[in-house]
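Taking it in order: structure first as structure tokens, then the write-up.
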Amino acid sequence: MAANNRRMSGKKGAQVGSGGNRRRGLEGKGPTPPAEARKGHVKNRIATAKAKKAAGRRPPAKNRGGKGTSEMVVGRNPVFEALRDGVPATTLYVQQFIDNDERVREALQLAAERGGIHLMEAPRPELDRMTNGLNHQGLVLQVPPYEYAHPEDLAAAAYDAGEDPLIVALDGVTDPRNLGAVVRSVSAFGGHGVLVPERRAAGMTAGAWKTSAGAAARTPVARATNLTRALEQYKKAGVAVVGLAADGEHEVGDLQALGGPVVIVVGSEGKGLSRLVGETCDYRVRIPMPGGTESLNAGVAAGVVLYEASRRRS
């Protein structure tokens, strides 16, 4: 009974001494390192994995103007025309059990010939969801985001080739077809690229690609966060900024500056150049129109001035 009471009392009997080892083991070892530095800790493994990934990743290019947004081309004729005209594409979605008519066969053949385009079969409800209910007719083409250049890239490419920069900037042009037409004209007359603002302006959509008739594949388009600031940077680099205006002080055929490094700024058909952009221009030129037409669209106006600039350089 006495032994049982001793077990329940909680008192400990005599124990063998540790010889001071336990006291030394309790001595401090400095502050506890953070979790990221403790080997075996989950945060340490995450930090190590991130460091390895960063070490193997290429540094981002300095002269990048960012990417646009991805786009869907829907409908049998639009998809066929986009594939025929060389619009970049990553995936062609085809509805399950689709009626295999001539347009569908031609689209599939073009996608196969181009290569690099994934063919995916999907049920109609899925295509309806992807296109927000648009009449896709069983064909949907995924267009990847366009990779814009940096404004400095355009002038740098010209100087690297031993040429004076010939660039077109668009101010307030919101129709992608006008952008595509300008890209085509720049390519035709030996220009070095097109500059567009990031906001309230047309971007390189599938429509712009189609209108460019393949020129977008070899003529870079740059995007500027602030168009006025980008033009000022060109001026500091010795590039003249020439704005097109109906009431310009110079006629396009008389302006000697078009024979040197130049940025031609084209405004919208209705409003023309914005106030700040107009004030930034070194010269404002007009295109004589004896027929009485008040204005030209951006694509035609740019083509006229580009021709004059090209003529002076030849």
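The values are calculated or read from the model by the stated rules, or taken from the named source; none is laboratory data. Remember, it's a predicted structure, so these values are computed and weren't measured experimentally. Glycine gets a Cβ as well: all are built from the backbone with ideal geometry, and neighbour counts include every protein chain shown. Side chains included, ligands, DNA and RNA excluded: accessible areas come from the protein's heavy atoms. Shrake-Rupley method; radii C 1.70, N 1.55, O 1.52, S 1.80 Å.
Some observations on this one:
- Evaluation of D99 against (1) outside any helix (DSSP H, G or I); (2) without any contact (Cβ under 8 Å) to a residue 40 or more places away in the chain; (3) open to solvent by less than 50 Å² (accessible area, probe 1.4 Å) (one fails), failing number: (3)
- Applying the set (1) crowded, with 16+ Cβ neighbours inside 10 Å; (2) closer than 27 Å to S310 by Cβ to I117 leaves exactly one unmet item: (2).
- Long-range neighbours under 7 Å by Cβ, at least six apart or interchain, first residue under 11 Å from Q95 (Cα atoms) within region 115-139, second among the acidic types (D, E) and surrounded by 11 or more Cβ atoms within 10 Å (Cβ to Cβ): none
- For region 70-96, filtering for residues that are of a type in the set (D, E, K, R) and either in a strand (DSSP E or B) or touching an Asp or Glu at 6+ places or on another chain (Cβ under 6 Å) (or both) leaves 1.
- Yes/no for A169 being open to solvent by less than 10 Å² (accessible area, probe 1.4 Å) and at pLDDT 95 or above: yes
- When residues in region 139-157 are screened for being open to solvent by less than 40 Å² (accessible area, probe 1.4 Å) and not in a loop (DSSP other than H, G, I, E, B), 11 of them pass.
- Identity of the residue in region 172-182, part of a loop (DSSP other than H, G, I, E, B) and not acidic (D, E), that ends up most open to solvent (accessible area, probe 1.4 Å): T174
- Residues of region 183-202 satisfying the condition of being crowded, with 24+ Cβ neighbours inside 10 Å and more than 16 Å from A149 (Cα to Cα): S185
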